[in-house]
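The values are calculated or read from the model by the stated rules, or taken from the named source; none is laboratory data. Keep in mind that this is a model prediction, so the values were computed, not measured. Heads up, the Cβs are rebuilt from the backbone with ideal geometry, glycines too, and the neighbour counts pull from every protein chain shown. Surface accessibility is based on the protein's heavy atoms, side chains included, excluding ligands, DNA and RNA. Shrake-Rupley method; radii C 1.70, N 1.55, O 1.52, S 1.80 Å.
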Amino acid sequence: MINTYQLYQNYADATDPLRACARMMAPMLDMTWPGVPAQPYLRKMASACEVFARTQLTHARPPFAIGEVVDGGRTIAVHEEEVADTPFCGLLHFRKETLAHQPKVLVVAPMSGHFATLLRGTVKTLLRDHDVYITDWRNARDIALEHGPFGLDEYVSHVIQFLTVLGPGAHLLAVCQPTVAALTAAAVMAEENHPAQPRTMTLMAGPLDTRVNPTAVNALAKSKPIAWFEKNMISTVPARHAGAGRRVYPGFVQLGAFMNMNLNRHVDAFRKLYHHLVEGEEAQAAQIKDFYEEYFAMSDLPAEFYLETVRTVFQEHALPLGKLTYRERVVEPRAIRRTALFTIEGEKDDICAVGQTVAAQEMCSNIRPYMRMHHVQTAVGHYGVFNGRRWENEIYPRLRDFINMHHR
């Protein structure tokens, strides 16, 4: 059988040197000399070289680069520290240079084709009023086979482990895909009367019940048997990487799927980048470059986790039907009583449509009414729920007040 990952690696090995040359040539072609008039055709060649260089995929997490934050009108330094780790994930703490005791928030980032830095804007906003931690999932292609498989159970156990590290009184926030694991972790901890049960749980734009308003993503997941996904989406990490032999859902495959959903928009973005560079519009060009530098940083998923998620979440709807299991026992969201619940959705979300996240409110039927809250943000899609102007100005204030209300 042809290994798709090896074909991709061969392609990258052949074309990355060309991109490296283009990256070096761009500033040389754009160089101006005293007394020599600028040559427009050289500027166009330099711009084309930079655009070509920017199409390279990378496979290491970009830096969060959050060096400071404004807290209460003061600028406070922030230090990024890893306070716990496993072969599959690190727990990052954004420690602020302040003596103030603020609510601890564990942000559970998606284990998807992108790194946790996709939530950089989310973290930076939360840091205004909170002590923030985040799950920093490792690239599966860098994890040796000796560390074993990683499925949905292992994901949930990581959430429980990290909440334990934060200790009693912490708050839990999950964005998109991990809302299922976060709710499962909270239910398991509630059943066990775990001392580190989160005080609040905020679930943002997550696929908790994909029977509601199914999107194109949901329809694709149900259109094929799980064997099709295993055959067509799973590849083996090539020998040159630390995770050689590990079966993964490659990040480049997921990127291709996402880009094809809005291909014209991405092509138009690179066309605009070229024209901004030609016209010397550095600020506009920088915005596009920054976005794609993050967007093209890819992370592979362990095959077990991907296939289990497709099967249990999108095909079997195991959680809303009361059939999801953790370590071979049925998960009971009704066990949650002490954790307040906030669900957030985006009106124009085409990945996790309105109704899929609020379904958690019905599942967690034993949470008292005054400990519940739901918000649908108008005029935003999926990413607008946790990034951008409306997140900062309309969603975050509600979240901050919700956490403060239940932080006792």
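Data table
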read-out: Qualifying positions in the range 73-93 - touching a residue at least 40 places away in the same chain (Cβ under 8 Å) and either of a type outside the set (A, V, I, L, M, F, W, C) or within 26 Å of residue 25 (Cα to Cα) (or both); value: 82, 86, 87, 90, 93
read-out: Members of the range 375-402 found to be within 15 Å of residue 173 (Cα to Cα) and under 22 Å from the mean Cα position of the chain (by Cα), listed by number; value: 375, 385, 386, 387, 391, 395, 396, 397, 398, 399, 400
read-out: Residue in the range 266-279 that is free of Cβ contacts under 8 Å to residues at least 40 places away in the same chain, open to solvent by less than 20 Å² (accessible area, probe 1.4 Å) and closer than 28 Å to residue 202 by Cβ present; value: no
read-out: Matching residues, the range 235-247, being of a type outside the set (A, V, I, L, M, F, W, C), open to solvent by less than 40 Å² (accessible area, probe 1.4 Å) and assigned to a loop (DSSP other than H, G, I, E, B); value: 238, 241, 243, 245, 246
read-out: Residue count, the range 313-337 (criterion: touching a residue at least 24 places away in the same chain (Cβ under 8 Å) and touching a strand residue (DSSP E or B) at 6+ places or on another chain (Cβ under 9 Å)); value: 3
read-out: Some residue of the range 338-352 being in a loop (DSSP other than H, G, I, E, B), out of contact with any strand residue (DSSP E or B) (no Cβ under 8 Å at 6 or more places or on another chain), closer than 15 Å to residue 200 by Cα and open to solvent by 10 Å² or more (accessible area, probe 1.4 Å); value: yes
read-out: Residues satisfying the stated conditions in the range 124-135, i.e. open to solvent by 10 Å² or more (accessible area, probe 1.4 Å) and touching a helix residue (DSSP H, G or I) at 6+ places or on another chain (Cβ under 6 Å); value: 129
read-out: Residues being open to solvent by 30 Å² or more (accessible area, probe 1.4 Å) and either at pLDDT 95 or above or not charged (D, E, K, R) (or both) - total across the range 95-111; value: 7
read-out: Long-range neighbours under 9 Å by Cβ, at least six apart or interchain, first residue closer than 18 Å to residue 304 by Cβ and open to solvent by less than 20 Å² (accessible area, probe 1.4 Å) within the range 151-164, second of a type in the set (Gly, Ala, Ser) and outside any helix (DSSP H, G or I); value: 159/174
read-out: Residue check for residue 378: among the polar types (S, T, N, Q) and in contact with a helix residue (DSSP H, G or I) (Cβ under 7 Å, 6 or more places away or on another chain); value: no
read-out: Given (1) free of Cβ contacts under 8 Å to residues at least 60 places away in the same chain; (2) open to solvent by 30 Å² or more (accessible area, probe 1.4 Å); (3) in contact with a helix residue (DSSP H, G or I) (Cβ under 9 Å, 6 or more places away or on another chain), number of the condition residue 146 does not satisfy; value: (3)
read-out: Selected residue [farther than 28 Å from residue 275 by Cα, in contact with a helix residue (DSSP H, G or I) (Cβ under 7 Å, 6 or more places away or on another chain), surrounded by 17 or more Cβ atoms within 10 Å (Cβ to Cβ) and touching a residue at least 40 places away in the same chain (Cβ under 8 Å)] from 69, 51; value: 69
read-out: Test: residue in the range 112-123 that is without any contact (Cβ under 8 Å) to a residue 60 or more places away in the chain and surrounded by 20 or more Cβ atoms within 10 Å (Cβ to Cβ); value: yes
read-out: Tabulated pairs, the range 197-218, first at positive phi, second of a type in the set (D, E, K, R) and in a loop (DSSP other than H, G, I, E, B), C-beta under 8 angstrom, 6+ apart or interchain; value: 205/349
read-out: Subset of the range 89-123 [in a loop (DSSP other than H, G, I, E, B), of a type in the set (Gly, Ala, Ser) and farther than 23 Å from residue 292 by Cβ]; value: 100
read-out: Qualifying residue in the range 248-263 (condition: open to solvent by 30 Å² or more (accessible area, probe 1.4 Å) and either in contact with a Pro (Cβ under 8 Å, 6 or more places away or on another chain) or modelled with pLDDT of 95 or more (or both)); value: no
read-out: Yes/no for residue 235 being within 22 Å of residue 55 (Cα to Cα), out of contact with any Cys (no Cβ under 6 Å at 6 or more places or on another chain), polar (S, T, N, Q) and at pLDDT 95 or above; value: no
read-out: So residue 322, is it open to solvent by less than 70 Å² (accessible area, probe 1.4 Å), modelled with pLDDT under 95 and at positive phi; value: no
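The rows are residues; the columns are (1) in contact with a Pro (Cβ under 9 Å, 6 or more places away or on another chain); (2) hydroxyl-bearing (Ser, Thr, Tyr); (3) under 29 Å from residue 221 (Cα atoms).
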| position | (1), (2), (3) |
| --- | --- |
| 363 | yes, no, yes |
| 374 | no, no, yes |
| 386 | no, no, yes |
| 404 | yes, no, no |
